[in-house]
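**Student:** Dropping a structure here in structure tokens format, bear with me for questions.
Here, each number is a calculation from the coordinates, and none is a lab measurement. As the structure is a computational prediction, the values presented were derived from the model and not from experiment. Ideal geometry is used to build each Cβ from the backbone, glycine not excepted, and the neighbour counts take in all protein chains shown.
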Amino acid sequence: MSRAESGGMTEADPGKGPRSGSGRAADDAPPEAIVAIPLRHPWRILIAVVLVLGLAVFVLDAAQRPDYGWADVGKYIFDRRISQAAWVTLWLTIYAMIGAIVIGLVLAIMRLSPNPVLKNIAWLYIWIFRGTPVYVQLVFWGLVSLIYPVFTIGIPFMDPWVTIPNGIFTNLFITAVIGLGLNEAAYMSEIVRAGLLSVDRGQEEAATALALSWGQTMRFVVVPQAMKIIIPPTGNEVISMLKTTSLVAAIPLSIDLYGVSRGISAVTFTPVPLLIVASLWYLLFTSVLMVGQHFIEKRFSRGTGRADSGRQSPTSDAAAPAGPAAPGAVLPGEPGAPLGNDFGGKG
Amino acid sequence: MTGVPMVLAEKVSKNFGTNRVLRGISLEVGRGQVLCIVGPSGSGKSTFLRCINHLERVDGGRLSIDGELVGYRQKGGKLYELKLSEAAFQRREIGMVFQRFNLFPHLTALENITLAPIRVKGLSKAKANARAKELLERVGLGDKGDAYPAHLSGGQQQRVAIARALAMDPKLMLFDEPTSALDPELVGEVLEVMKELAKSGMTMVVVTHEMGFAREVADTLVFMDEGVVVEAGPPRAVLSNPQHGRTKEFLSKVL
């Protein structure tokens, strides 16, 4: 095998083969470089100049308008209340996403399971949570503590055995995490499902043939391979979630970044500078996440189907089997080319 | 050889919708025997193989492995479909090798082999590793345990796949066109491993286009077409003196 492959390589790559030096020097001389006037793009330059001038006018104008309150922007950008609120926004994002990923994974697996009950439950969940606006859902979750002031355990319509005060939905932060997480879970489940479906059917079949159960097949074979499809869009969802947290005002929770900046501006009557402050903080977070996203996508876009090559040295496809690794490959009774021909019955 | 054949098929039939893929397949594979199935594509030979380890459900007839009905349990004259876990339990002793290898690309060769013994049989990691190394040695890949499938040639991948199936200590091995996806020069190394396996007394059912292999290794050669067994017998007899027109026609094209 290795002999055949290395032979193929020299043929495919004559420039590096032993023949290149012998009597073919003329062919090897570098060809004359093309001297030509490059294609010009005058319209690109013109449009760029116009846009830059327009932007300059806007910036100069904005710098002088009192409504922007640049002094207030400077005053509040590092205000302790604001930075604490930014912290709250960050944790809202993290908790909601963790919940969404876990529930989304469960939902996706339920939808693909052979069990029709699980399948339909997952479908119903996704139908409801994707079919209604997240803002409306958050308003609803804010009202849950009014609808269900206490949780009870017992036989329906009889005196309850246990009564627990509804402590979950009276905590608005937890309510926000639940509201955001449950909504996002519906979207995450679609991402996870796409990832699971991207795994070749043969993988599941091979695992089944090895007598692995369906759960084991998912856990050890399908899900690990789906991850490389799932992770990049999940990064996008994190960025999206960070911005969606501003909607918790619907609950109403007002300790997040947008809520606090709105609260301050309600007292100072300077809405614009505080919106700019909040926007700058959101931009800071999303920029950091986008940098992370860039590396995640780079890491996971390495040749679909052979992404695991990242775990070893990034040798080129052709070089790896033909290189020094070859000796061990020829062991079973020296089955090189001749044997293959013997049994290649179609010849 | 004990009385019960390893594979016993009696009028096995299988439909995909209105498409009758298998129309009453009857055959028998004794312990330690090698059965090769040849035939044109779409003749149902792969489907029959997949029925043997219940990757496909049998719709009619009886199919039993080592005296045990595949996919069903007979009780009081009635057939009951097996639970998924029971079907999985039946598969523990049937190894399968696929045309497209179907190695798990996120696991090394060694991990591919040890996954099922550890998770299904509950072997300790050390024991499973030791056994996997033995098996890799046996298929001539002793030094490739840490390689990922993407870094192995097709022939090497298929040999790892054979080792993976052997790790469950099967009493029956199924091969579904194991060399059809391979470059011609890699076919020999896989057939070599399969020959060694046959010599060691493994019961094998092989769907293949490799007539040379069938001639040399098979105890029985079956020619299938359009869901029926057209002709069966000792490979030399079938290959050199086919009785049926369809067999003759097929063989004239492939030999």
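**Student:** Excluding B:MET6 itself, what net charge comes from residues whose Cβ is under 13 Å from its Cβ, given Lys and Arg +1 and Asp and Glu -1?
**Tutor:** Numbers: positive: B:ARG31, B:LYS171; negative: B:GLU28, B:ASP66, B:GLU68, B:GLU93, B:ASP219.
Every neighbour counted, the sum reads -3.
**Student:** Moving on to the next point. Relative to the Cα centre, what is the charge dipole magnitude of segment A:23-89, using +1 at the beta carbon of each Lys and Arg, -1 at the beta carbon of each Asp and Glu, and rounding to the nearest 20 debye?
**Tutor:** Using only the charged Cβ atoms, the result is roughly 300 debye.
**Student:** If you average 1/r across every pair of different Cα atoms in segment B:144-213 and take the reciprocal, what Kirkwood value do you get, in Å? Don't skip to the end; give the middle numbers.
**Tutor:** Values: mean 1/r = 0.0791 Å⁻¹.
The answer is 12.6 Å.
**Student:** Please enumerate, by chain and number, the aspartates and glutamates with C-alpha under 16 Å from the C-alpha of B:LYS248, excluding those fewer than 8 residues away in the same chain.
**Tutor:** Within the straight-line cut-off, B:LYS248 pairs with B:ASP225, B:GLU226, B:GLU231.
**Student:** Which pairs in the list B:LYS14/B:LYS253; B:LYS14/B:LYS78; B:LYS199/B:LYS253; B:LYS45/B:LYS253; A:LYS228/B:LYS144 are over 21 Å apart, alpha-carbon to alpha-carbon?
**Tutor:** B:LYS14/B:LYS253; B:LYS199/B:LYS253; A:LYS228/B:LYS144
**Student:** Out of B:PHE250, B:ALA198, B:ALA214, whose Cα points farthest toward the positive end of the dipole of chain B (charges: +1 Lys, Arg; -1 Asp, Glu; placed on Cβ)?
**Tutor:** Towards the positive end, the residue furthest out is B:ALA198.
**Student:** Next question, about the same structure. Which ordering of B:ARG57, B:ARG119, A:ARG193 is given by a fewest-first count of other beta-carbon atoms within 10 Å?
**Tutor:** Sorted ascending by nearby Cβ count, the order is B:ARG57, B:ARG119, A:ARG193.
**Student:** How large, in Å, is segment B:41-189 by the Kirkwood hydrodynamic radius built from its alpha-carbon pairs?
**Tutor:** Computed over segment B:41-189, the radius equals 16.5 Å.
**Student:** What average count of beta carbons from other chains do you get within 10 Å of the Cβ of residues in B:86-95?
**Tutor:** Values: counts 0, 3, 9, 2, 1, 5, 2, 1, 3, 3.
Mean inter-chain Cβ contacts per residue within 10 Å come to 3.
**Student:** Add +1 for every Lys or Arg and -1 for every Asp or Glu among the other residues with Cβ under 13 Å from the Cβ of B:ALA128, and state the total.
**Tutor:** +4
**Student:** At 7 Å along the Cα-to-beta-carbon direction for both A:TYR135 and A:LEU283, put a label point, then send me their distance in nm to one decimal.
**Tutor:** A separation of 2.4 nm, rounded to one decimal place.
**Student:** Once phi is turned into θ = phi - 60°, what whole-Hz ³J(HN,Hα) does the Karplus curve with 6.51, -1.76 and 1.60 give for every residue of segment A:123-131, x standing for Gly and Pro?
**Tutor:** Listing the rounded values in order: 4, 4, 4, 5, 4, 5, 7, 8, x Hz.
**Student:** Another question about this same structure. Using only the Cα atoms of the protein assembly as shown, each taken as one equal point scatterer with no solvent, compute I(q) by the Debye sum, divide by I(0), and report log10 of the ratio at q = 0.08 Å⁻¹.
**Tutor:** Reported log10 I(q)/I(0), two decimals: -0.80.
**Student:** Hey, what does the equivalent ellipsoid look like for segment B:216-255, semi-axes from the Cα gyration tensor as sqrt of 5 times each eigenvalue, largest first, whole Å?
**Tutor:** 15, 12, 9
**Student:** Over segment B:97-146, calculate the relative contact order: mean separation of alpha carbon pairs under 8 Å at least 6 apart, over the residue count, as a percent.
**Tutor:** 35 percent
**Student:** Can you tell me the FRET efficiency between A:THR170 and A:SER254 if r is taken as the Cβ-Cβ distance and R0 is 22 Å, rounded to the nearest 0.05?
**Tutor:** Numbers: r = 15 Å, r/R0 = 0.70.
The pair A:THR170/A:SER254 has a calculated efficiency of 0.90.
**Student:** Where Rh denotes the Kirkwood radius from the mean inverse Cα pair distance, what is Rg over Rh for segment A:47-190?
**Tutor:** When Rh is taken as the Kirkwood radius, the ratio is 1.20.
**Student:** Would you kindly give the portion of the calculated P(r) for segment A:127-203 that falls above 18 Å, as a percent of all Cα pairs?
**Tutor:** 58 percent
**Student:** A further question follows. Calculate, for A:GLN64 and A:MET158, the FRET efficiency according to 1/(1 + (r/R0)^6) with r their C-beta to C-beta distance and R0 56 Å; round to the nearest 0.05.
**Tutor:** Using R0 = 56 Å, I get an efficiency of 0.20.
**Student:** In Å, the Kirkwood hydrodynamic radius of segment A:208-278 over pairs of distinct alpha carbons? It would help to have the intermediate numbers written out before the result.
**Tutor:** On the way: mean 1/r = 0.0636 Å⁻¹.
With all distinct Cα pairs of segment A:208-278 included, I get 15.7 Å.
**Student:** Still on this structure, please answer the following. So, how do all the Cα-to-Cα distances of chain B break down into 10 Å bins, in percent, from 0 on up?
**Tutor:** Computed distribution, short to long bins: 7, 30, 35, 22, 6, 0.
**Student:** Among A:TYR187, A:GLY215, A:ILE229, whose Cα lies farthest out toward the positive end of the dipole of segment A:184-241, if unit charges sit on the beta carbon of Lys, Arg (+1) and Asp, Glu (-1)?
**Tutor:** A:GLY215
**Student:** Going by how many other Cβ atoms sit within 10 Å of their own, how do B:SER13, A:SER83, B:SER43 line up, fewest first?
**Tutor:** The fewest-first ordering by Cβ neighbours comes to A:SER83, B:SER13, B:SER43.
**Student:** With a point put 7 Å past each Cα toward its Cβ, work out how far A:PHE78 is from A:ILE37 in nm, to one decimal.
**Tutor:** Calculated label separation equals 5.5 nm.
**Student:** Next up: Rank these for me by crowding, B:GLU177, A:GLU205, B:GLU28, going from fewest to most other beta carbons within 10 Å.
**Tutor:** B:GLU28, A:GLU205, B:GLU177
**Student:** Using Stokes-Einstein with the Kirkwood hydrodynamic radius over Cα pairs, what translational diffusion coefficient do you get for segment B:66-110 at 10 °C and a viscosity of 1.306 mPa s, in µm²/s rounded to a whole number?
**Tutor:** For these conditions, the coefficient is 120 µm²/s.
**Student:** Would you calculate, for the protein assembly as shown, the mean residue ellipticity at 222 nm contributed by helices, counting each DSSP H stretch of 4 or more residues as -39,500 (n - 2.57) and dividing by all residues, to the nearest 500?
**Tutor:** Rounded to the nearest 500, it is -16500 deg cm²/dmol.
**Student:** Something else now. Points 7 angstrom from Cα along the Cβ direction at A:PHE295 and A:LEU90: gap in nanometres?
**Tutor:** Going by the 7 Å Cα→Cβ label model, 1.6 nm.
**Student:** May I pose another question? Compute, for segment B:29-188, the length of the dipole vector about the Cα centre, with Cβ point charges of +1 (Lys, Arg) and -1 (Asp, Glu) only. Units Debye, rounded to 20.
**Tutor:** Values: 23 positive and 17 negative charges, 136 e Å.
Roughly 660 debye, rounded to the nearest 20.
**Student:** Now a separate question. Within straight cross-link reach of B:LYS127, meaning Cα distance under 16 Å, which aspartates and glutamates are found once same-chain residues fewer than 8 apart are removed?
**Tutor:** Qualifying aspartates and glutamates at Cα under 16 Å: B:GLU111, B:GLU137, B:ASP169.
**Student:** Which aspartates and glutamates have a Cα lying under 20 Å from the Cα of A:LYS75, excluding residues fewer than 8 positions away in the same chain?
**Tutor:** Once the sequence-local aspartates and glutamates are set aside, what remains near A:LYS75 is A:ASP67, A:ASP256.
**Student:** Now for a different question. Can you list residues from other chains, or at least 5 along the same chain, whose modelled amide H is less than 5 Å from the amide H of B:GLY24?
**Tutor:** B:VAL12, B:SER13, B:LYS14
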